[in-house]
Amino acid sequence: MTTTAAAAPTTTGRAAASAPLPARRTVVPASRSVRLLIAAAIACMPVLTPTGPGNTSPADLPILLAMGGVLLWLSSNGVRLHVPYAAGMWLLVLAGAVAALASRDLLSTTVLGQDLFLLLWAATIANAVRADHSLVRLVCVTWCWSGIVSAGLLVAGRLAGIPWLAGQTTRDGSRSALTFGDPNLAGNYFVTCLFVVLASRHPRRRLARAATVLLLVVATVLTGSNGAMLGMVVGLGVGVVVGSWRSHGAIAATGLACVLAGAAGVVVTSVDWGSVQASAAAGGPVLHDSFGRGDSSSQDRQVLFSEGVRLFWDGTLVGVGPGRTKEALASIPAPYVKEAHNDYVATLVELGLIGGVGLVVLLASVAARLARVAGRRGRGVAEGGRGRSGDPGPVTRLVPSPHFLAALGAAFLMSGLFYEVLHFRHLWAVLGLVAGLDLILADVAESRRPAPEVLPAPVPGRR
């Protein structure tokens, strides 16, 4: 399926104004109302409490309105829509439907409706930014400012000792969740905001951007999410390596990756982590509820992992049904009854082998798009290996540092080992942005392709 790109150039700086992106046909740019709907949907993603039936939240209403507004705008322009990641998601939905029928629990299919909703949310962003390139900046800037406001409120609530503002509960101790309802979800959102800030280079002034990065890191630490902090560290390492590859080539990137891996190995093997965690557990509330609980948290994850693997091998190939891991563990009975807190184990246990294949297809689709967007192709390097003079590339003009999008993908991949990120709304917003940039790359490549030569018609009577 094909769609159209905007005729108007994006407005991400002087380079964008001097070298507008090529267009396939004219599309009326998004109206002010459509832009407001998209901005509101991005800004409201942190507002997840109070929760409603079917895991709904206040953030879903602006997302639905943005979907409707974008659909009306694109359909009025005759744009044919793309649904990225459809193959992997359809396999996951099919596996969920089969597992729900096999377990005779049709109510569990509500989880599949949530998956389709998130897929359409990603498709909305992808098609919108492809049709109007200036929406890339709108999405990134709105995301950066919503992250700044959210992190500022959380930090202010902690400093002022206002638990309801910071989102602290007696269940989570000193860990803060703001309006997310879950500290791990909050931590992952702030890490996402951090990489969006680095990728889009907003705020533009370096001092303001450095202050924003510091604020987001502090907010992540205050959530006490070890998974989010580990994902942040891994993501930063991947971002540095991919950035080196884009700038200096594969040899320099390989050398840097070896140095970073060696340094990480030395740190992991030479530090007595047991004593460090014991000291952190005896420290203040922030250390106690984050790094200080790392040992017990990792033990819980190991128990959940082993129970999930046993449940998969002892069960059927079709899975126990969407969202039924906790119920299945209780029926064994297992010594530790809880959700899987692991995307990979949860997919195999709940959706079976078909779900596992669907997850592999989905991850491969995401990796392929990230490779194109964050790689040297997005930097403007042609097939022969030579870049166009003065041309920063179609993606770089929209997102100045797209290698941090690859870093964010690595952070999500790591976080999937600790909680189920596939149901996070902000994850699918990122995937939609990546898919939209990939579609723009495809449009640019097609516009640069030379037209086929048309030979003149032969004249009768002549050889």
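Consider segment 44-67 and keep the residues that are of a type in the set (Gly, Ala, Ser) and more than 16 Å from Ile125 (Cα to Cα). The one that is modelled with the lowest pLDDT is Gly54.
Condition check for Thr169 on (1) over 20 Å from Ile42 (Cβ atoms); (2) in contact with a Gly (Cβ under 8 Å, 6 or more places away or on another chain): one failure, at (2).
Mind listing just one residue for me: the one in segment 188-216 that is in a helix (DSSP H, G or I) and free of Cβ contacts under 8 Å to residues at least 24 places away in the same chain and, of those, surrounded by the most Cβ atoms within 10 Å (Cβ to Cβ)? Write out each step before concluding.
Going through segment 188-216, the residues in a helix (DSSP H, G or I) turn out to be 188-200, 206-216.
Okay, now just the ones that are also free of Cβ contacts under 8 Å to residues at least 24 places away in the same chain, so 206-211, 213-214.
Numbers: Arg206: 9, Leu207: 8, Ala208: 12, Arg209: 17, Ala210: 11, Ala211: 13, Val213: 14, Leu214: 12.
Applying the filter and picking the extreme gives Arg209.
Scanning segment 147-162 for residues that are in a helix (DSSP H, G or I) and among the hydrophobic types (A, V, I, L, M, F, W, C) yields Ile148, Val149, Ala151, Leu153, Leu154, Val155, Ala156, Leu159, Ala160. Checked against (1) within 27 Å of His341 (Cα to Cα); (2) assigned to a helix (DSSP H, G or I), Cys144 meets all criteria but (1).
For segment 409-419, the criterion of being modelled with pLDDT under 90 and in contact with a His (Cβ under 7 Å, 6 or more places away or on another chain) is met by at least one residue. Only one of the listed residues (Asp132, Asp105, Asp172) is acidic (Asp, Glu), crowded, with 18+ Cβ neighbours inside 10 Å and out of contact with any Asp or Glu (no Cβ under 7 Å at 6 or more places or on another chain). That residue is Asp132.
With respect to the conditions (1) at pLDDT below 95; (2) among the small types (Gly, Ala, Ser); (3) over 22 Å from Val196 (Cβ atoms); (4) part of a helix (DSSP H, G or I), Ala7 lacks only one, and its number is (4).
Only a single criterion out of (1) closer than 30 Å to Ala100 by Cβ; (2) modelled with pLDDT under 85; (3) β-branched (Val, Ile, Thr) is not satisfied by Val361, namely (2).
The values are calculated or read from the model by the stated rules, or taken from the named source; none is laboratory data. Remember, predicted model here, so these are calculated numbers, not experimental data. Methodologically, a virtual Cβ is constructed for each residue, glycine included, from the backbone with ideal geometry; neighbour enumeration extends over all protein chains shown.
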